[in-house]
1. Any idea which residue in the range B:119-150 is surrounded by the fewest Cβ atoms within 10 Å (Cβ to Cβ), counting only those that are over 19 Å from the mean Cα position of the chain (by Cα) and β-branched (V, I, T)?
2. Suppose the filter is within 14 Å of chain B (Cβ to nearest Cβ), part of a helix (DSSP H, G or I) and of a type in the set (D, E, K, R); does A:K127 pass it?
3. So in the range B:151-197, with the set limited to residues that are in a helix (DSSP H, G or I) and of a type in the set (G, A, S), which one is surrounded by the most Cβ atoms within 10 Å (Cβ to Cβ)?
4. Kindly indicate whether any position in the range B:242-257 is within 16 Å of ligand 2 (Cβ to nearest atom), assigned to a helix (DSSP H, G or I), within 14 Å of chain A (Cβ to nearest Cβ) and aliphatic (A, V, I, L, M).
5. Tally time: how many residues in the range B:218-240 are touching a His at 6+ places or on another chain (Cβ under 9 Å) and not in a helix (DSSP H, G or I)?
6. Would you call A:H168 away from chain B (no Cβ under 14 Å), within 16 Å of ligand 1 (Cβ to nearest atom) and touching an Asp or Glu at 6+ places or on another chain (Cβ under 9 Å)?
7. Anything in the range A:96-116 that is surrounded by fewer than 23 Cβ atoms within 10 Å (Cβ to Cβ), within 18 Å of B:I95 (Cα to Cα) and either in contact with a strand residue (DSSP E or B) (Cβ under 7 Å, 6 or more places away or on another chain) or aliphatic (A, V, I, L, M) (or both)? List them, or say none.
8. Could we say that B:S53 is polar (S, T, N, Q) and either more than 30 Å from A:P171 (Cα to Cα) or in contact with a Phe, Trp or Tyr (Cβ under 8 Å, 6 or more places away or on another chain) (or both) here?
Amino acid sequence: MVQEISNEIAIEVKDVWKKFRLYHEKTYSLKERIIFWGRSKAEDFWALKGINLTIPKGSTVGLIGRNGSGKSTLLKIISRILYPTRGEVKINGRVSTLLELGAGFHPDFTGRENIFLNASILGLSRKEIKERLDDIIAFSELGDFIDNPVRNYSSGMYMRLGFAVAVHVDPEILLIDEVLAVGDLAFQEKCLAKIKELQKKGTTIILVTHSPKQIQDLCDLAVWLDKGEMKMQGSAIEVAEAYARYVSGKER
Amino acid sequence: MWQRIKEIYAYREMLKNLVSKELRARYKGSILGFFWTFFNPLLMLIVYSFVFSFVMRSGIKNYAMFLFVALLPWNYLSSSILQGAASLVQNASLIKKVYFPREVLPLSVVLANLINYLLSLLILMPALMLFKIRLTWALLAFPLVLLVETVLVASLTLLVSVGNVYFRDLEHITGVFMTAWFFLTPVVYSADTVPPNAKKFFSLNPAAHIIEAYRDIFYEGMWPDWKALLYVGLGCLILFWLSLLAFQRWQKDIAEEI
Ligand SMILES: Nc1ncnc2c1ncn2[C@@H]1O[C@H](COP(=O)(O)OP(=O)(O)OP(=O)(O)O)[C@@H](O)[C@H]1O
Ligand SMILES: [Mg+2]
C-alpha cells in the first residue's frame with residue numbers, strides 16, 4: 001500500500017475514507033460472537049470522507065479543525081498506525097510520529113536505557129542510537145536524572161525525554177499531534193527552535209494544532225478539516241484567518 | 001511479503017530490546033535474579049528424579065531423563081504460545097501510538113523463550129552425564145531440530161496473538177487446547193507405546209515428531225528420523241508463510257480493535 005513516489009512529493013493522500021465501527025456493546029469473545037451471530041449492533045461512522053492531499057517535500061503543513069474532525073485519524077493513517085478503509089497513502093521517506101511522548105517507556109528502566117528502547121521502537125539501529133545518544137541526553141536537559149528509573153520522573157521530564165528521542169530520529173517526515181504544549185515555557189521554546197531547525201534541514205512536517213497563530217508562525221500550508229471533510233486547504237495565512245473568523249463567529 | 005520480512009529485520013534492534021526487557025522483567029526483583037532461569041529446570045529435575053526413582057517407578061530406564069529431554073522443548077513451545085497470545089493485547093497502548101511491524105511483539109516472546117530453553121540446556125547436559133547417558137555425535141542434529149521447532153512455534157504464536165485481538169477468549173481456549181495437545185504428544189510416554197491403529201493419527205502431530213527427534217538425539221543417542229523431520233520442516237515452513245500472510249492481513253485493524 002505504501003509505495004515510493006516521485007521525488008518532489010513527500011506524502012500523497014488519495015481519496016482516503018476511514019470508517020470506524022461503533023459498537024454499543026462490543027463482543028470480544030468467540031463464545032459471544034457465536035451466540036449472538038449477526039445480532040451485534042454496530043453503527044458505521046465515517047471519520048474521514050474522501051480526503052485528498054499532496055504535500056511537497058520540505059514543507060510544513062498545519063492541520064486544524066474542531067474536536068473530532070478527524071485530524072488525529074488522518075495523522076495515524078499517514079503513519080500507518082491505522083489503515084484507510086478506502087483510498088491510499090503514498091509516502092516518500094522515513095516517518096516519525098509524535099502522538100504521545102514516551103509511549104513505550106518502561107518505568108523500571110533508567111532514562112538512558114529507555115532511550116535505547118524507545119529509539120529502537122521508532123526503528124533505529126543500535127549504531128544510529130549510539131551516534132545520537134549524547135545529543136538526545138543534552139537536549140532532554142535531564143542531567144543526572146538520566147540514570148534514574150523513569151518512574152521517578154515528573155510528567156514534564158518524561159515528555160521531554162520522549163520529545164528528545166523522537167526528534168533525534170532524524171525523520172524525513174515528522175508528524176506532530178498537539179504535543180508542543182508539553183514541558184515548561186523554556187522547553188516549549190526549545191521544541192519550537194528544534195522544529196525550525198528541522199524545517200531548515202528540509203524535513204517535511206505535519207502539525208496538528210488548535211492555534212491559528214501557531215499555524216501562521218510555523219506552517220507554509222494548512223488544511224482545515226470539518227467532520228471528516230476537507231473544508232479548506234491553501235496557504236497557512238489564509239486558512240488560519242478563515243478558521244479564526246469561523247471560531248469567533250461561533251462564539252458570538 | 002519480502003518487503004515485510006525486510007522491515008521486520010530492520011526493526012531487529014527493537015526485537016532485541018524487547019527480548020532483554022522480557023527476560024529481565026521475568027526475574028525482576030528476585031534476589032537470585034537471573035539464576036531463576038536455572039533454578040526452575042533444576043527444581044523440575046530434582047523433583048522428577050526423586051518421584052520417578054522412588055515413588056512411581058516406571059518401566060522406562062532413566063525415566064526422569066526420558067521426561068526431562070522432552071519436557072524442556074515442550075515448555076518452550078507451550079509457554080511461547082500462551083504468553084504470545086497476550087502479547088498484542090498487552091501492548092495496546094504502544095500499538096495505538098507508534099508504528100512498527102506488529103510481528104515484532106509475538107516474535108519477541110518466542111525469542112525470549114528460546115533463550116530460556118537454551119539456558120536450560122546448561123542444566124540438562126550435566127544431568128545427562130550424571131545419569132550416565134551416553135552423549136553422541138547425534139547432538140549435532142540439535143540445531144536443525146531446534147530450527148524446525150522454532151518455525152512451528154513462531155507460526156502458531158503469530159496466529160494466536162493476532163486472533164486474540166478479535167476474540168479475547170482465544171487465550172483461554174488456547175490454554176485448554178495446549179493441555180490436550182500435551183497429552184496427545186509423546187512427552188510423558190514413549191511414542192512406541194502408542195497402539196498401532198492410532199499411529200497414523202499421531203503422525204499428523206508435528207510436535208510429536210519434533211519431541212521424538214529431541215529424545216533421539218539426547219536420550220537415545222541416535223540420529224533423528226530424517227524423513228519425518230524433513231516433512232515436518234517443510235510443513236512448518238509453509239505454515240510459517242501462511243501465518244505471516246494471515247498476520248499481515250489481520251493486523252490492519254488491530255489499532256482500532258484493541
Ligand atoms: N478507534 C476509534 N473507534 C471509533 N471511533 C473513533 C476511533 N478513533 C477516532 N474515532 C472517532 O473519529 C472521529 C475523529 O477523531 P479524531 O481523534 O481524528 O479527532 P481529532 O480531530 O483529532 O480531535 P481532537 O481535536 O479532539 O484531537 C471522532 O468522532 C472519534 O470519535
Ligand atoms: Mg486529536
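The values are calculated or read from the model by the stated rules, or taken from the named source; none is laboratory data. A quick note: this is a predicted structure, and the numbers were derived from the prediction, not measured. Ideal geometry is used to build each Cβ from the backbone, glycine not excepted, and the neighbour counts take in all protein chains shown.
1. B:T136
2. yes
3. Among those that are in a helix (DSSP H, G or I) and of a type in the set (G, A, S), it is B:S161.
4. Scanning the range B:242-257 turns up at least one residue that is within 16 Å of ligand 2 (Cβ to nearest atom), assigned to a helix (DSSP H, G or I), within 14 Å of chain A (Cβ to nearest Cβ) and aliphatic (A, V, I, L, M).
5. 2
6. So A:H168 does not fit the description; no.
7. Answer for the range A:96-116, where residues must be surrounded by fewer than 23 Cβ atoms within 10 Å (Cβ to Cβ), within 18 Å of B:I95 (Cα to Cα) and either in contact with a strand residue (DSSP E or B) (Cβ under 7 Å, 6 or more places away or on another chain) or aliphatic (A, V, I, L, M) (or both): A:L99, A:L101, A:A103, A:P107.
8. When the stated conditions are applied, B:S53 passes them.
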